[in-house]
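Visitor: This structure is in structure tokens; I'll ask about it shortly.
Read-outs throughout are calculated quantities, based only on the coordinates presented, and are distinct from any laboratory measurement. As the structure is a prediction and not an experimental result, all values here were calculated from the model. Counting neighbours? That spans all protein chains shown, and the Cβs are built from the backbone with ideal geometry, glycine included.
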């Protein structure tokens, strides 16, 4: 019987990614405070990324631009260029694949790398991290921090311990001394809501969670309770999956509105635009879905989230809009709305339609495909729903953007 082989997993995390890309592309910005931010005159006027020169005086991600300018009046304010950041992210993933075929993009500025079995080529995990870090800096010009561990969880935790330009190795033996004393909210997978639950239970550190009764956690929180107990003990069997982004469980989109919307007609207009956007993405991905979810967030950050399953699966905007409108009518309390989102889940591969005696579904499908073809050839702004020319529309402002920001 062969002995169990300990894995070597890396998490490469680009430091202050958007700001670092801007400094890499413009040598005049290097060594100077750079803030990548949205338009301060609109709702999304917040800091998206700050260089370490700006962070040194207190500028933080998600801070209002006005506050950031007070802290760092000489900062260079730069609007985001999402198309460029995506291109750089893709290039970084290509570099990582030179070290291992098993690379899992985790976000635009993070990726896991499975190095198990590559020791004869690149040495220890620490040595491989050094080589990767140097190559990213040399070819892309962006600093990175890299975590090394026996699994994805510890690699992720390690990557956040030394920034910028850090390399941290965590082993299972390090968990009691280096992980357990940390606040439980710092455990990967513990969000603000779960943190509140844990604090009410007297669980304040990761060590408290590690020593809690796993059966009670499973009874209280289900599978997630048992999984978080394992995480607190440094256990994570999940593989590095290069195809993780291919199996989307839902397709959705949301808009942060330029002002609080209070009129139902305004909200319905945005819902229609969202429905068409989500439907188009679903068709492009080759799926149909049955469950429509509606998310509304108010000016006080209160939220409403409800779902409804359609009688038949669809990827047609009108069907998604009709379902979302019904959810709005049932659940909206009339309070001002700051953010609107729609998602489609319960997805299946689109392998044709089931003919209906009551709707010309094939005609709608052919029309949608024709519109997709026009958008592919001439851009989304070439053909759109006429009411999108009205004031409450968010389509004309966001057309030609990625993540709400100019390409």
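Visitor: Estimate the FRET efficiency between residue 281 and residue 331 by the formula 1/(1 + (r/R0)^6), using the beta-carbon distance for r and 30 Å for R0, to the nearest 0.05.
Guide: 0.80
Visitor: Can you give the FRET efficiency for residue 30 and residue 64, using 1/(1 + (r/R0)^6), R0 = 25 Å, r = Cβ-Cβ distance, to the nearest 0.05? Let's see the in-between values first.
Guide: Numbers: r = 26 Å, r/R0 = 1.04.
The formula returns an efficiency of 0.45 here.
Visitor: Can you check how the C-alpha radius of gyration of region 185-232 compares to 2.2 N^0.38 Å, as a plain ratio?
Guide: Ratio of Rg to 2.2 N^0.38 Å for region 185-232: 0.96.
Visitor: For a protection proxy built on the mean count of beta-carbon atoms within 10 angstrom, sort 109-116, 250-257 highest first, please.
Guide: Averaged packing, sorted descending, gives the order 109-116, 250-257.
Visitor: Can you put 32, 297 in order of Cβ neighbours within 10 angstrom, beginning with the fewest?
Guide: Lowest to highest Cβ neighbour count: 32, 297.
Visitor: If packing is taken as the average count of other Cβ atoms within 10 Å, what order do 190-201, 147-158 fall into, highest mean first?
Guide: Per-residue Cβ counts within 10 Å, averaged per peptide and sorted highest first, yield 147-158, 190-201.
Visitor: While we're looking at this one, here's another question. If you average 1/r over all unlike Cα pairs in region 224-349 and invert the result, what Kirkwood radius do you get in angstrom?
Guide: This gives a value of 15.9 Å.
Visitor: Rounded, prolate or oblate, given the Cα gyration tensor of region 233-284, with a/c below 1.5 counting as rounded?
Guide: The shape class here is oblate.
Visitor: Restricting to Cα atoms and excluding each atom paired with itself, what does the Kirkwood estimate give for region 96-211 in Å?
Guide: Taking the inverse mean of 1/r over all distinct Cα pairs, region 96-211 comes out at 15.4 Å.
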